[in-house]
Amino acid sequence: MTSTPDPTPPTGSLDPAIAARLKRGADGLVPAIAQQYDTGEVLMLGWMDDEALHRTLTTGRCTYWSRSRQEYWVKGDTSGHVQHVKSVALDCDADTVLVKVDQTGAACHTGDRTCFDADVLLDS
């Protein structure tokens with residue numbers, strides 16, 4: 001038995017029209033980019049299945065699927081570094097979610113503001 005999220009949305013969760021548009025990977029997940037809503041700063045990349053996206057859309061807090069822990073997690077529940085959702089959009093191919101958030105504290109599990117500021121490969 002696997003604990004990989006089921007790519008089929010549970011009854012009564014994610015709007016079927018949205019679920020029908022999503023292009024999920026073989027694991028049932030789509031990448032979700034969290035971006036600071038007012039500055040455009042890219043904060044992190046997480047993964048969502050239909051249930052995580054549904055929770056994000058309905059609670060106003062980012063919910064992700066943890067591939068390492070094999071469970072849902074709401075950003076900030078343990079760290080206090082909350083992501084309050086301002087908007088959610090799909091990219092043109094419907095295979096990536098962009099969540100614009102108001103980030104409280106660090107977005108990265110390392111304690112950095114973003115997951116993209118510690119290892120810059122090119123800065124022109």
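The values are calculated or read from the model by the stated rules, or taken from the named source; none is laboratory data. Values in this document were obtained by computation on a predicted structure and should not be read as measured data. Using ideal geometry, Cβ is built from the backbone for each residue, glycine included, and neighbour counts are taken over all protein chains shown. With ligands, DNA and RNA removed, areas are computed over all heavy atoms of the protein, side chains included. Shrake-Rupley method; radii C 1.70, N 1.55, O 1.52, S 1.80 Å.
Things to note:
- Protein heavy-atom surface of the chain, 1.4 angstrom probe: 52% of the accessible area is carbon and sulfur, with nucleic acids and ligands not counted.
- For L45, solvent-accessible area (1.4 Å; no DNA, RNA or ligand), Å²: 90 Å²
- The heavy atoms of T114 present about 10 square angstrom of accessible area, all protein chains included, probe 1.4 Å.
- Partnerless cysteines, meaning none of the other Cys C-beta atoms lie under 4.7 Å away, in the chain: C62, C92
- Applied to the range 76-88, the Karplus parametrisation 6.51 cos²θ - 1.76 cosθ + 1.60 on θ = phi - 60° returns per-residue 3J(HN,Hα) values of x, 4, 9, 8, x, 8, 7, 10, 8, 6, 9, 7, 9 Hz, with x for Gly and Pro.
- Residue-span extension gain [L98 to L121] - 0.36 nm each, minus C-alpha spacing: 6.0 nm
- The range 36-74: trypsin sites (Lys or Arg not before Pro) in DSSP loop, at most 11 other beta carbons within 10 Å: R69
- Semi-axes of the equivalent ellipsoid for the chain, Cα gyration tensor, largest first, Å: 24, 16, 15
- Accessible area per residue in Å² at 1.4 Å probe, computed on the chain: 58 Å²
- Per-residue HN-Hα couplings for the range 114-124 [Karplus 6.51, -1.76, 1.60; θ = phi - 60°; Hz; x = Gly/Pro]: 10, 7, 10, 10, 8, 9, 6, 8, 8, 9, 9
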